[in-house]
Each structure stands twice: as C-alpha cells, then as structure tokens.
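Asks: Have a look at this one.
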Amino acid sequence: MSDGVARARGRARARARTSQPAAPAARPGDVSPAPAPPVSAGPGFQRDRPPSAYQERPDDRAAYYDRQGDRAGYQQREADRPAYRERPAYQERSADRPAYQDRQGDRSGYQRQDDRSGHQEQVPTYQQPRGSSQNVGSRPYSRDPESAGKRGLTQRMQRLDIGVSSASAGGGDQPPSSRATATRGRRSAQSDIVRTRPAHVGSKRGSTGQRVMLTANYYKLETHTDWCLYQYRVDFSPDEDRTQIRKALLRNHRSSLGGYIFDGTVMFTSHRLTSEASRPMELVTKRQSDDEKVVITIRQVGDLALGDYHYLQFFNILMRKCLAHLNLQLVGRNFFDPKAKVEVREYKLELWPGYVTSIRQHENSILMCSEITHKVMRQDNVLDLLTECVKKGERDFQRIFQQAIIGSVVLTDYNNRTYRIDDVDFRVCPDSKFKLRSGQEISYKQYYREKYQINITQGDQPMLISRTKPRERRAGMSEMVYLVPELCRLTGLTDDMRANFNLMRALAEHTRVGPKMRVQKLLNFGRRLRSEESIMEDLQEWNMRLSENLVQFEGRVLPRERIIQGHSKYDPSQETDWTRDLRGQPMLTNPRLENWAVICPSRSKRDGQTFVASLIKAASGMHFTIPNPFMHEIQDDRAASYVDALERVISSKNPQLVMCIVPNNRSDRYSSIKKKCCVERAVPTQVILQKNLTSKGVMSIATKVAIQMNCKIGGAPWTLEIPLSGLMVVGFDVCHDTTSKGKSFGAVVASLDKTLSRYFSAVSPHTTGEELSNDLSINLCKALRKFMDYNDGHLPQRIVVYRDGVGEGQIPYVFQHEVTLMKEKLGQMYQKSGQELHMAFIIVTKRINTRIFLQDNNPPPGTVVDDCITMPERYDFFLVSQSVRQGTVSPTSYNVISDNLGLDPDKLQRLTYKLTHLYYNWSGTVRVPAPCQYAHKLAYLVGQALHRAPNAQLEDVLYFL
C-alpha cells in the first residue's frame, strides 16, 4: 500500500476524528469515535455482530447510490462524514442501481445469449461461483464379512425413493467452476432426492426419429462392493480449518483406525471403530507446526447398508482423493492444473484448466460424469487494487475502493476458500487486535504468522468484511468474517474486462472447446487416472475400477419441423435456421400499425431516418405495413430527457409503439425508458443502439426489429403444426431483483391460441418459496381465465408447464408443495366446469455438465437421449434443440415430475422440441421451449430494469422482447 495509501488513510482518519463530537457515554446504536477491536471466534476473523459503525440505517435514509455518467457511484458524502459511516453493501440497495454492479462471480468466457439480434441492448449477466462436492480423504478399507449382501449395489439403488445428491452429473445446474446462481437455488452434496417418476410411467423411452449411436462424457464405475459402510463425524479441538492439516493429524493414527476415507469432516470405514455406536472415539496428537496438543473426536452418525444411496457420497469422496494424486491444485472445491495455465499478461489474468467430476446412479450403472472446466485467476491481490484506487483519487480513494471491491469474490490461498466481499472496515487493520476463544488477545498480523506462517507486509491496510450464510451461522460460525486484502486474490472478470471484446475472444479460444478436442481431453483424463499407481491402488483396495472408454448408447434424432409462415410452409436448414426464408414470406399475423413514434437525440436524427426507411422496406417484404413515424428530437441523451419526451409523445400522440434510439447501453437510461412505458403508461417500446443504425448488416437488423415490433403489438411471424387441440403451454422462470436483497420476481407466460403464437404474461414479486408457489398458482388461474376469453369460454384440455429456475435442492419442495398447490387451485376451476384437470409439470435445467457427442462431433438439433445417462428415479430425458457454431453444444435436461396428460413419452418429447422453434427473438431453435424462454426474458427485464410488476394492460402482448 505504501506511502500514498498511508497518507490518504491518515487524512481520512483525521477527518473521522474531527467530525465526531465528544459524548459522555455511548448509547445502544451510537457510533463510538474509537475503533472497537473485533472479537473473533477463530480463523477468518469471524465477528459475532457488526461493529457499531455498520449498524443498519433507518429505512428512510437516502440511498447511497446515485448515477454519475455511465456508471452508478456513491453519492458525494459530506466532507466531515468518515467513510465507515456509509451503509454496508449487504443492506438494501437503491432502486436504480444498475445490474452490472451486482457481480455474481467469475464464470469465464462468453455467456451464450439466445437473443442474438444485434440491435438489442444486453445488460451484462454474471454467475455466482459454485463448488461441487467436498474434499477428499485418505486410506482404504478392511472387508467386513457381516455386511455382505445378496444383491448388487446397482439393483438396490434403482428401488430407492430418497437419497443424497452429489453435484449434478445429468440434471444439474453447474457451469464451469461456479456455484449455483441465486435464481436457481443452492445445491447441497447431501440434499435429498425425491422419486419424482410418476407411478404410471413404465418405459420412458420414445420411438420417433433416426436411431444413432452417441457418446457422453461419463465413465462407468465398475464396482464389486458387498460390504457395509460406517459413517463418522470427525471434530478437532482446538479447531483446525485447514483440510490438509486435519487429514495429516488423523493420518497419525492410521494403525488404530484401519482403512478409512476422510474428506476433512466425514469419515467412512468398512468396520466399526468402537463396540458401541453411541460411544465416541477420542485420539490425541500433536500439530507439527507448533507442537500444540489436538484432541480428535470421532462420532458414528450412521450405518450405510448395502444399496444405501449415501454410498454415492463415499464414491465421490474417494474419487476426489484420486484427483488429489494427480498433483492438481484445489481451488475452492474443484481441482485445477496451474502447470497448464494460459497467461493473458496484458490484463494480469491466468486461465487454469481443471476437472469437475460427479458420481451418481444412472439407469443401469453407476457413472462418473467428467467435465472440462476453467478458472479465471487474477495475478493481483486486493491490496494491489487498493493501491490503484489511491492513484486514481487520493482524497476519494475509499469510495473508489468500495465501489470496486464490494460484491466481488476473492480467494484466500491459505485455506482455499472463496468469499464474497460485503463491506470494507477502514477502522480495523492487521495491526488491530482481537480475542481468541481462549481469551488471549492477538493481532491479525501475529495470528497469521503463527497460524499460517504468513508475514503481512502492510500493517495499516483496511480489512474486508464478508457475511456468512445462514446455514454457516446455524453451524456455529459468526456473522462477520474479516479478511486481509493482501492475502485475498481477486477472481473473475471486471465489467471493463467483460466489455473488452479482444480479451473475451482470447479467453473463449481456450474455454470454448470443440467436441473432438473435448473428447480427446476427457479420454486423456481417464488415461491419466488409470496410469497413476496410487490411484489404482486406492480403487483396487475398495474393489472398484474405472472403465477405459466413455459410455456409448443409442439415441434418436427427431425429424425436422416445417415452419408455417403466412400461407407458406418450408423446411429449415439442417442447422434449424430459417433467417433467409423470412424476408420473402408474409408473417403469420400482421396487425395494423397506424401510429408510432421515434425518439432520438438530434445528432442521431439523420441515421434514424435512414434506418426507418430500411425498416419499412424489410417489413414490406413480410407483408407488414409500417407507416412513417412521428419523429421527436431531444437535445441530449440523459435518462430524464427520454422520460420527458415519452410523456409528451404518449400524451399528445397516443402511439401504439415508441422506438427510442440511444447512444450506448447505459442501464439507468434503459431502466427509465422501460419503467415509463411498461409500468406507468402501458405502451410497448423498441430500444435500439445508435451503432446498429449504420451497421453493415442493417437489413438483417431491420428485419428482426420489424418482427419484434409486430409481436409487441399482438402479431406473430410463424408457427408450427401443433396436432393437439385445446393445448395450453406455460413457461415459468425466476430472477432476483438487483436492488432489493432477498426479493425475486417470478414470471408466468402462457399460450392462448391453437397456433401457440399469442401469450398471456404476469409477474409477481416474492421473498419466500411459499409466496412463489402461491403466486404461480394465482397467475395460472388468471391465464386460464384469459384463455377462456380467447376460446369461447372453454378451458384448456391439456396444460403443460415448463418450470425453469429450480435447483437440485429445490426439487423436493417443488414436487411436494408447488405442484400440489397448483393442482388444488386449478382443479377448483375445472371442477366448477365439470371437467378434469389434465396437466404435466416439467422441470427444465439448462446449466448441466452433461455433454453428448456424435462421432466426435456435436449432435444435430433434435437429438433425444432417454436412456443410459438418465436417472432411474425420474421420468426424464435430454434434448439437444439448438445448433452452435463454436464449442460443444449443451443439451437441456427435462424432468417430468407430474403427468396425467395421457400422452406417451414420445409425444411429450416431440412437443418439447416443437416449442423450441417458437421463440420470436431468433429465427432458429433455442435451448428451451419458447414459453420458458419468454418467461426468462420477462423475469429478467423486471428484476434488472423495472423492479416492480408491469402494467396489466400489456399482459396479452410480447412487449418484453
């Protein structure tokens, strides 16, 4: 940090001292002028409660974010207010905070967008880092004769209803080296899996399509296990948070323990350690680093009989132990190979390749899913960032630093843990002291030197604050964790890095691995596992072996669907792209657009007029008549100028639609435009970037804009042949409100007509799962009433609900509560009409580790897999519906958890594939059924820009495209 930071911090502290009047005594909630030393319960410097300077401010206190140019920043503080008096980042943010300030992790490379029309503004999105399973353990077993069973593990597994889930190999939600997004819930390695396969479903295999032989990124785990496992919890006193040290301490007693597998907390053996299960075993050892005596307490927590689902946890721990033998580095919860890193020196970045593995019971075998992943590592630490902030603005460095670090994720090398930074405490530094549990007072600097043999060079740097999660607090951790900037490595990409096209392209060259190269890497990984002698010894001692080749199985390629556009029908290309066929065909329905307006800055008027001419020309080729608009100029591009212009134009002209031309993708301006037109005035809007007005592909952009405008006033460009009559398809997705912690928006989009081209939509906020489920049922009832309005009072004969936004750990709740409530609410409407409710409820999961290959190539769109890598307790299938030009295609997982439609699996698979053709923002197939993608688009708009429910007058048009 050096002299610059020290001088700046000294001035800030002086201002803090002079700004606070003397007080005879501090009352509860008062801020003491002297920094109170934090009290810690252990490493990481957990604090039982925030310091007084971090108490929540009253709800009516002004928010601390305000727009400053193209970015949101802190409001200018009063000159005498110390920085630590600001509201912590974990409190509720202001309503206009842009989405890009809510970082959610470090997912490397590009994020694929289904909305690929170049004219649209895209607010950057991020994924929270996510781990997979736990760490690995140590020694093998000794066979226990009394545990020998009569049936194989695979046969017993297929009959289980509830068990333990590892990180998903088939239906999971796990992007490379990342944790679950808040939208989709958090997955636990020990979350129960409910048997969701409906009782009436015998075979879940379809029949339509061309049969092909496929390969997937799974290895078969060949086992000959006929023994029982005993599960133990291992505790250390005094507490030791370093997993490798815990393993080493336990390893000192190998002779008395016999064979075991230990992951740092849970231990498995094939024999009992004590004669009585209730009696714990205590061992005493010495820690080599300081000769301190450590008491190890081992308590039995369960017997795992042959066939128990908890065997999977054991398999995963054993495999992670094997990965440790490959000299890979554990970062967070995954293993990476720093020796094979790719350096991007210009940006001080490193890209570490790694592996994600997960073992799970599949249809007929226990399979290990293996996937290639990457970790973006920064070469600088948080102290380097602080120094840069001082250089940018010495007087205002605290605000600049807070803005840069709050919300980001850091990695601490000394314990391989990641933390999300919630605040910065400028009153506490490594020289400050805190109390250990023993009552001893020690400085952070001394603690790190004695505990980790780490010397902190800068004793006056501020401390970072990370709030622990509720589940961690329930486990005994304190609310606050204090971190030293010098010891925190930055992870992920900044907003500026993500906006750098050259940087992202360079990363994508390494992260977007093609199918042939991916298969080769996976086979090399398998050979590497089998060639390591220590790994083979471990597997053999537990009677296990890994297959030499990736699993192969039979799949099907569904026939291509015919596109119906106007009075014409045509077949799309093999890549399921019909963009070229659009311009010469009339759209399916063309409502009359008679009155519309364009709002643009004066400097963009000429380009805007030229683009409007191209738009009119492109629309006429599709028999969509667009008249000349009313042009309204504004003198600048401030958000307030657009809002004022919209109010004037809507009040005086009453347009059917308003186009706004904007110079860049500032999220505050976009949010203001959408709030005015989607919430206050109920007028569809089309926002377009100025750079797209003069793009080389202007006619292609104009065609897509014309289609969007048509949809936003109630039209539809194309459809497919839908053989089922009286069908309603529903999509549902969830997105967090970026300005209100704990608040989310759930969006429902439901079809209203036979061609599945008109839709009803509704959005509701919620803070709990119960609210979400209740709102979903209420909005579905509204959709049914709107369906009756469009269909002469008739209810749908069949309803198919595609539910996105469900994490692995949320499936039991959705299955047991959400579906039950929905059946109850909808059933009441059908009972009044004297009809029976026929409904299917399907969970859609996009972000999974499963990859499917056809002869080392990507499988074509329409590829269905419903055997081998699916799960015996589920009615599920995988579908590859989209085509990709780069990298390896990702299939989508569909899990049918409720179904009384009377349709066989083949028809449900074909219907799902048909629906992927009907997303009107892209003239091709997308990854999920169109209603699901519409729901995602709507929830994202509300969570990122509107922050409140849209105007109900827009509920039957696709205004959110």
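Asks: Tell me, which residue of segment 179-218 that is of a type in the set (A, V, I, L, M) and part of a loop (DSSP other than H, G, I, E, B) is modelled with the highest pLDDT?
Replies: Only one residue tops the list, namely Val201.
Asks: OK, next. Could you list, in sequence order, the residues of segment 678-707 that are more than 21 Å from Lys605 (Cβ to Cβ) and crowded, with 21+ Cβ neighbours inside 10 Å?
Replies: Cys678, Val683, Pro684, Thr703, Lys704, Ile707
Asks: Between a first residue in segment 595-610 that is under 12 Å from Cys660 (Cβ atoms) and in the same structural domain as Gln686 (by TED's automatic domain parsing) and a second residue that is surrounded by 14 or more Cβ atoms within 10 Å (Cβ to Cβ) and among the aromatic types (Phe, Trp, Tyr), which pairs have beta carbons less than 6 Å apart while being 6 or more apart in sequence or on different chains?
Replies: Ala597/Phe630
Asks: While we're here: Within the group Val643, Val679, Val683, which residue is more than 19 Å from Ala702 (Cβ to Cβ), of a type in the set (Val, Ile, Thr) and assigned to a loop (DSSP other than H, G, I, E, B)?
Replies: Val683
Asks: Can you name every residue in segment 455-478 that is closer than 24 Å to Arg246 by Cα and surrounded by fewer than 16 Cβ atoms within 10 Å (Cβ to Cβ)?
Replies: Scanning segment 455-478 gives Asn455, Lys469, Arg471, Glu472, Arg473, Arg474, Ala475, Gly476.
Asks: Restricted to segment 686-720, and to residues that are of a type outside the set (A, V, I, L, M, F, W, C), outside any helix (DSSP H, G or I) and in contact (Cβ under 8 Å) with a residue 24 or more places away in the chain, which residue is farthest from Ser751 (Cα to Cα)?
Replies: Among those residues, the one meeting the criterion is Ser695.
Asks: Can you pull out the residues in segment 297-325 that are crowded, with 20+ Cβ neighbours inside 10 Å, more than 25 Å from Gly526 (Cβ to Cβ) and at pLDDT 80 or above?
Replies: Ile298, Gln300, listed by residue number.
Asks: Say we look at segment 759-772 and pick out the residues that are touching a strand residue (DSSP E or B) at 6+ places or on another chain (Cβ under 9 Å) and either free of Cβ contacts under 8 Å to residues at least 60 places away in the same chain or not assigned by TED's automatic domain parsing to the domain that holds Ser833 (or both); which of these is farthest from Gly566 (Cα to Cα)? Break it down stepwise before answering.
Replies: The initial filter retains those residues of segment 759-772 that are touching a strand residue (DSSP E or B) at 6+ places or on another chain (Cβ under 9 Å), namely 759-767, 771-772.
Of the ones still in play, those that are also either free of Cβ contacts under 8 Å to residues at least 60 places away in the same chain or not assigned by TED's automatic domain parsing to the domain that holds Ser833 (or both) are 766-767, 771-772.
Values: His766: 41, Thr767: 44, Glu771: 42, Leu772: 39 Å.
Here the answer is Thr767.
Asks: Please find, within segment 525-542, the residue that is surrounded by the fewest Cβ atoms within 10 Å (Cβ to Cβ) out of those that are of a type in the set (Asp, Glu) and over 24 Å from Pro353 (Cβ atoms).
Replies: Step by step, filter segment 525-542, then rank; the result is Glu537.
Asks: Could you tell me which numbered condition Leu411 fails, if it satisfies all but one of (1) modelled with pLDDT of 90 or more; (2) closer than 14 Å to Leu483 by Cβ?
Replies: (1)
Asks: Now, a different point. Going by the structure shown, is Ser289 part of a loop (DSSP other than H, G, I, E, B), touching a helix residue (DSSP H, G or I) at 6+ places or on another chain (Cβ under 9 Å), surrounded by fewer than 15 Cβ atoms within 10 Å (Cβ to Cβ) and of a type in the set (S, T, N, Q)? Walk me through how you get there before you give the answer.
Replies: Values: part of a loop (DSSP other than H, G, I, E, B): yes; touching a helix residue (DSSP H, G or I) at 6+ places or on another chain (Cβ under 9 Å): yes; surrounded by fewer than 15 Cβ atoms within 10 Å (Cβ to Cβ): yes; of a type in the set (S, T, N, Q): yes.
Yes.
Asks: Report, ordered by the first and then the second residue, all pairs with beta carbons closer than 9 Å, sequence separation of six or more or different chains, a first member in segment 735-755 that is over 11 Å from Pro931 (Cβ atoms) and surrounded by fewer than 17 Cβ atoms within 10 Å (Cβ to Cβ), and a second member that is of a type in the set (Phe, Trp, Tyr) and modelled with pLDDT under 90.
Replies: Sorted first by the residue in segment 735-755, then by its partner, the pairs are Lys741/Tyr90.
Asks: Determine whether segment 581-599 contains at least one residue that is farther than 30 Å from Leu908 by Cα and among the β-branched types (Val, Ile, Thr).
Replies: yes
Asks: Name the one entry in Leu821, Leu756 that is assigned by TED's automatic domain parsing to the domain that holds Leu903 and closer than 30 Å to Ser923 by Cα.
Replies: Going through Leu821, Leu756 in turn, the sole match is Leu756.
Asks: In the set Lys914, Lys937, which member is under 20 Å from Ile673 (Cα atoms), surrounded by fewer than 24 Cβ atoms within 10 Å (Cβ to Cβ), modelled with pLDDT of 95 or more and among the basic types (Lys, Arg)?
Replies: On the way: Lys914 fails: under 20 Å from Ile673 (Cα atoms).
Criteria check complete, one pass: Lys937.
Asks: Now for a separate question. Is it fair to say Phe732 is closer than 21 Å to Leu915 by Cα, aromatic (Phe, Trp, Tyr), crowded, with 22+ Cβ neighbours inside 10 Å and under 24 Å from the mean Cα position of the chain (by Cα)?
Replies: Judged against the criteria, Phe732 is a match.
Asks: Restricting attention to segment 816-833, does a residue exist that is at pLDDT 95 or above, within 30 Å of Pro515 (Cβ to Cβ) and not aliphatic (A, V, I, L, M)?
Replies: No: segment 816-833 contains no residue that is at pLDDT 95 or above, within 30 Å of Pro515 (Cβ to Cβ) and not aliphatic (A, V, I, L, M).
Asks: Which condition number in (1) touching a Gly at 6+ places or on another chain (Cβ under 6 Å); (2) basic (Lys, Arg); (3) closer than 21 Å to Ile359 by Cα is the one that Arg246 fails?
Replies: Among (1) touching a Gly at 6+ places or on another chain (Cβ under 6 Å); (2) basic (Lys, Arg); (3) closer than 21 Å to Ile359 by Cα, Arg246 violates only (3).
Asks: For segment 244-280, name all the residues that are surrounded by 15 or more Cβ atoms within 10 Å (Cβ to Cβ), under 34 Å from the mean Cα position of the chain (by Cα) and more than 19 Å from Phe315 (Cα to Cα).
Replies: Ile245, Arg246 - these are the residues of segment 244-280 that are surrounded by 15 or more Cβ atoms within 10 Å (Cβ to Cβ), under 34 Å from the mean Cα position of the chain (by Cα) and more than 19 Å from Phe315 (Cα to Cα).
Asks: Follow-up. Between a first residue in segment 787-813 that is without any contact (Cβ under 8 Å) to a residue 60 or more places away in the chain and crowded, with 24+ Cβ neighbours inside 10 Å and a second residue that is assigned to a helix (DSSP H, G or I) and among the acidic types (Asp, Glu), which pairs have beta carbons less than 7 Å apart while being 6 or more apart in sequence or on different chains?
Replies: none
Asks: Of the residues Glu486, Glu509, which is assigned to a helix (DSSP H, G or I) and within 30 Å of Asn455 (Cβ to Cβ)?
Replies: None of the other options fit; the residue is Glu486.
Asks: Kindly provide the set of residues from segment 842-881 that are surrounded by 22 or more Cβ atoms within 10 Å (Cβ to Cβ) and acidic (Asp, Glu), ordered by number.
Replies: Asp866, Asp876 - these are the residues of segment 842-881 that are surrounded by 22 or more Cβ atoms within 10 Å (Cβ to Cβ) and acidic (Asp, Glu).
Asks: If you don't mind, another one. Taking His838 as meeting all but one of (1) in contact with a strand residue (DSSP E or B) (Cβ under 6 Å, 6 or more places away or on another chain); (2) crowded, with 20+ Cβ neighbours inside 10 Å, write down the number of the exception.
Replies: Among (1) in contact with a strand residue (DSSP E or B) (Cβ under 6 Å, 6 or more places away or on another chain); (2) crowded, with 20+ Cβ neighbours inside 10 Å, His838 violates only (2).
Asks: Looking at this structure, is Thr625 part of a loop (DSSP other than H, G, I, E, B), of a type outside the set (Gly, Ala, Ser) and more than 23 Å from Thr925 (Cα to Cα)?
Replies: yes
Asks: What tally of residues in segment 848-899 results from selecting those that are hydrophobic (A, V, I, L, M, F, W, C) and either within 21 Å of Arg195 (Cβ to Cβ) or assigned to a loop (DSSP other than H, G, I, E, B) (or both)?
Replies: Number of matching residues: 11.
Asks: Before we move on, is Asn654 under 24 Å from Ala945 (Cα atoms) and in contact (Cβ under 8 Å) with a residue 40 or more places away in the chain?
Replies: Considered against the rule, which asks whether it is under 24 Å from Ala945 (Cα atoms) and in contact (Cβ under 8 Å) with a residue 40 or more places away in the chain, Asn654 comes out as yes.
Asks: In segment 543-583, which residue that is in contact with an Asp or Glu (Cβ under 7 Å, 6 or more places away or on another chain) and part of a loop (DSSP other than H, G, I, E, B) is surrounded by the most Cβ atoms within 10 Å (Cβ to Cβ)?
Replies: That would be Arg560.
Asks: Taking the criterion of being of a type in the set (Ser, Thr, Tyr), farther than 15 Å from Tyr419 by Cα, touching a strand residue (DSSP E or B) at 6+ places or on another chain (Cβ under 9 Å) and not in a strand (DSSP E or B), would at least one residue in segment 434-446 satisfy it? Break it down into steps so the answer makes sense when it comes.
Replies: Residues of segment 434-446 of a type in the set (Ser, Thr, Tyr): 438, 443-444.
Narrowing the set further to residues that are farther than 15 Å from Tyr419 by Cα leaves 438, 443-444.
Okay, now just the ones that are also touching a strand residue (DSSP E or B) at 6+ places or on another chain (Cβ under 9 Å), so 443-444.
Right, trim to not in a strand (DSSP E or B) and you get 444.
Yes - at least one qualifying residue is present in segment 434-446.
The values are calculated or read from the model by the stated rules, or taken from the named source; none is laboratory data. What you see is a predicted model, and the numbers here were worked out from it, not measured in a lab. In this analysis, Cβ positions are derived from the backbone assuming ideal geometry, glycine residues included, and neighbour counts consider all displayed protein chains.
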